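The values are calculated or read from the model by the stated rules, or taken from the named source; none is laboratory data. Computed from a predicted structure; not experimentally measured. With ideal geometry, Cβ positions are generated from the backbone for all residues, glycine too; neighbour counts draw on all protein chains shown.
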Amino acid sequence: MRYEDIPWKMAWATDAFVLHKKPLDRTVVDIDDMLEKYARAHSQMARKNLLADLEKSCIKLKTTSKTPNPALNALLDVVKRKSQFMGLVRKYDNVVCVSYSVTTGGFDTKGRVEYQGMLDDQNDMLERVRKMKIAVNQARVFVPVPQLHDPRTLKIFMAPEFYFRGRYGAYTPDVVSQIMPLLRGGNDGTAKPQFDDWLLVFGTAISAAVDVKHYCFTCNSAKDVSFRPDPNSVGKTIAECARGAGHNVQEGIYGATVDNVALIQKGKTDHLVAKEFRSGIDFRDRGAGAYVRIIGHGKLGARHDSGPSKFQDERMGGGVFNINGITFGMEVCLDHHKDKLKDASNLQILLIPSAGMSIEKLKTIMGGVTFNVDGLRADGKVLIRGGGGPTAGLNGFSQALVGIPGNIKVFDSVPIPYV
Ligand SMILES: [Zn+2]
């Protein structure tokens, strides 16, 4: 038998009824679950992630089943064809991690984020794009020539969390949306074929869509605020509180949707991973300026802003992504501490861009690579999960960047483990 496309769970369960006799094998349960998710996957990346795991589960079930099953063979066959079609073909044997070691976060005596950037968000972003391009182009020069030119060696360049954030704690979404196209463009852009074998992680960008509203700071409520015509200015209104003429009514940010998103490029493909667990420092407090005054949300708005998990299964659009047959995981800073990817299996490479985090736990398969670049330490670190033995830290050498702050740290080449 042969499937032309990934079968629906019900069709597969009927074809493979022998495998569905109780008690159900754990791997059969996993396969059923993935087929159901595949049918409702909303993104190409979610389908890729599921295909990569489906293949591994099918192979596992094949080796553990006592008798060959035609439906299982057919499923594995269509998964392989589909994977190939979607570019999930193994392309790299080795990986070289390259850290853009630069400070992105510091704290003042009150524990607030210190920031040295431009006052104007647009210019601030342009300046950071310029520096990022310098860093990534110089990084190429520091990679040893044999690895640099080896098409079977993946180079991973990573900058820390918070690389792109504005003077007031966050850029507006329109500023954030320009970053990737600007990085790609021009003679020094990352769209060049020289970066084809590079996975580029440009740190994270903070974006805030704000909701401005009039609010009574005496009542600590917006409920009784109303507007009356301004006698001194035709067509304008004055906001006042119905509960008292002398109440302090001001305009402020009522709420904000704050996103902290990692910017990832591989060749022509972009991928974004949003940080899920926000810490209080992600969005600067009102001491930073008028921009960040989130009414009714305490001093640090972001602390109250994280909602429940968007994805029950990280493969469906969270921190797991598949590129060139490699299963990557990404945990942005606090996500790592909160163990966001604790249920993700088959991770070969785990990436942790951070500002105040170090590697706490290895979640990859044996031999897998965990790569952290931290913006407080301004340093990178790579750990390899050892097979029973001690976890090995990789050696790296640092070179100062010319013309901009920071270093490039290039780590030793290591083999990528495949299941
Ligand atoms: Zn009032």
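Here are the numbers:
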{"quantity": "Any hit, segment 3-12, residues being without any contact (Cβ under 8 Å) to a residue 60 or more places away in the chain and surrounded by 21 or more Cβ atoms within 10 Å (Cβ to Cβ)", "calculated": "no"}
{"quantity": "Where a residue in segment 148-162 is buried (at least 24 other Cβ atoms within 10 Å of the Cβ) and its partner, wherever it lies, is in a helix (DSSP H, G or I), with Cβ under 7 Å and at least six apart", "calculated": "Phe157/Val136; Phe157/Ala139; Ala159/Met132"}
{"quantity": "Count - residues of segment 238-252 that are more than 11 Å from the ligand (Cβ to nearest atom) and among the charged types (D, E, K, R)", "calculated": "1"}
{"quantity": "Qualifying positions in segment 174-190 - of a type outside the set (D, E, K, R) and in contact (Cβ under 8 Å) with a residue 60 or more places away in the chain", "calculated": "Val176, Ile179, Met180, Leu183, Thr190"}
{"quantity": "Yes/no for Gly319 being of a type outside the set (Ser, Thr, Tyr) and more than 27 Å from Asn49 (Cα to Cα)", "calculated": "no"}
{"quantity": "Residues located in segment 2-14, provided they are more than 35 Å from the chain's Cα centre (by Cα) and under 14 Å from Val79 (Cβ atoms)", "calculated": "Arg2"}
{"quantity": "Test: residue in segment 83-103 that is touching a strand residue (DSSP E or B) at 6+ places or on another chain (Cβ under 7 Å) and acidic (Asp, Glu)", "calculated": "yes"}
{"quantity": "Selection status of Ile295, under 30 Å from Phe164 (Cα atoms), at pLDDT below 55 and within 16 Å of the ligand (Cβ to nearest atom)", "calculated": "yes"}
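Every residue, every condition in (1) at pLDDT 95 or above; (2) farther than 16 Å from Ala344 by Cα; (3) surrounded by fewer than 12 Cβ atoms within 10 Å (Cβ to Cβ), yes or no:
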{"site": "Leu19", "(1), (2), (3)": "no, yes, no"}
{"site": "Lys22", "(1), (2), (3)": "no, yes, yes"}
{"site": "Val28", "(1), (2), (3)": "yes, yes, no"}
{"site": "Ile31", "(1), (2), (3)": "yes, no, no"}
{"site": "Met34", "(1), (2), (3)": "yes, no, no"}
{"site": "Arg40", "(1), (2), (3)": "no, yes, yes"}
{"site": "Ala46", "(1), (2), (3)": "no, no, no"}
{"site": "Cys58", "(1), (2), (3)": "yes, yes, no"}
{"site": "Lys66", "(1), (2), (3)": "no, yes, yes"}
